[in-house]
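One structure below.
Every number in this text was worked out from the coordinates using simple rules, so none of it is lab data. What you see is a predicted model, and the numbers here were worked out from it, not measured in a lab. Don't worry about glycine lacking a Cβ; one is built from the backbone with ideal geometry, like all the others, and counts go over all protein chains shown.
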């Protein structure tokens, strides 16, 4: 019986071609007939082949290593390399690849960057996302807070930013049309326009100008200031009546304009004075509709360019009759301003007068402006138009 | 070359000549090849957060794959040697990086080395990996074999020493004794090798 080692001796002799004719034929026949033997032979070849290939691989690896060393040695500048010593690899790569001659710090930075590129990318995008979503979220939140509707929202904001210190509050159309609950302007101090109603010290302005007011200050064209207090407000028609409370106040004198009780006609030329900025500003246009925002019949639509601060200003016709009180504008329409009809003012005053107040209402019956040129009219008018400053 | 039609071959004449020379066992040709493409691979590895040593390892591994394919005659190049080597080394380095890094790895490629896909490098590397595993098992088995078997077998199969030299070196009385000993060692090695190898495969 042959041992396995004996078989291996036989196989090796066969593989090396050392077997003589008959022995070889004999083995080949047995290999063909006996699968177990064939398997054993296959194992043997696999083993020896692997061994040889393994040896070869080690050899090649050695060869490549020495090639690398020779290559580096050949490429390195000879002057710097003492004969027989292998140069340090680190120095040499740079001479192999001139592009890679970079400082240690830069290398470290590059390594860091390469290693953490993905992380930093993720971090950066998260940061950017967070910033933008915060900004956007704030924006939405503020939008939702200030105005639920699409009208007026942008303008109110601009208003708040623009007039932080000074001026003027022409409120958005929505406010006075009562669609939403009152929203006080964000600015601490806001202002509008007002004008004299009677010579005894009653003034008219828009309701939304004095809305939420703690104290009201009236400042005339001549820089005289008076304290005033709201006497009555009509939120539906955006009207407010003020009374000057200062002791030193003696009266306005005779008012130059009359208040029209009827309705004005379509196409009438109209103008207003107001304080959208520190100085009085004149605006002119025509009466373009006899109803206001969304068909509200208490208002006129006029084609006067108005700005925040014009609210509460008088609207006069050619002959100097007061026909309305400027109230607001529509943001998505070109120069569509609205003014409360004077007939509503007259009706309001009548009902107040009926209650017999301490200071009676004596409305001016006759105007003095008819027939004067416009600058003349304005000269007379401007003493009766005031800035209404409201402190909240 | 395994490709019959020289006109359609994308290989440059020097590539062809190099392959022929390497297959013929010309060491200078291999050295030339080695030196020719080293800057490319080293640059690539260094650019992708590797060190000089990494570059050398990867490059030698890559050249080894190429060399072994050339030597068996099983190399089927559909592109330049340069591109093939680049693809192989790129793949090798990518593997090492992914095993090191927690995150996905993106490599910076040199534009000039162009289409490194479809170079056949993937399949060749898979085969090479299988081969590596086999060699690792062999090395393991040899380590477990113990002396003098290990030295005897290494002397004969790895270093191609003749039986006479080995007989003298190991102090056997005659060559037949040495041969018998060698076969016994071989049988033991076979057991070690196949047990490990098959264990790992399953």
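Applying D = kT/(6 pi eta Rh) to segment A:1-75, where Rh is the Kirkwood radius over alpha-carbon pairs, T corresponds to 20 °C and eta to 1.002 mPa s, the Stokes-Einstein value obtained is 143 µm²/s. Taking only the Cα atoms of segment A:234-325, the ratio Rg/Rh comes out at 0.99, with Rh defined as the Kirkwood radius. For segment A:202-391, the normalised intensity computed at q = 0.13, 0.17, 0.19 Å⁻¹ comes to -0.63, -1.15, -1.49 (log10 of I(q)/I(0), Debye sum over alpha carbons, equal scatterers, no solvent). What residues from segment A:221-237 fall in the zone where the backbone N is under 17 Å from a label point 7 Å along the Cα-to-C-beta line of residue A:351? A:231-237, by backbone N distance to the label point. Rg over Rh for segment B:36-82 works out to 1.04, using Cα positions for both radii and the Kirkwood form for Rh.
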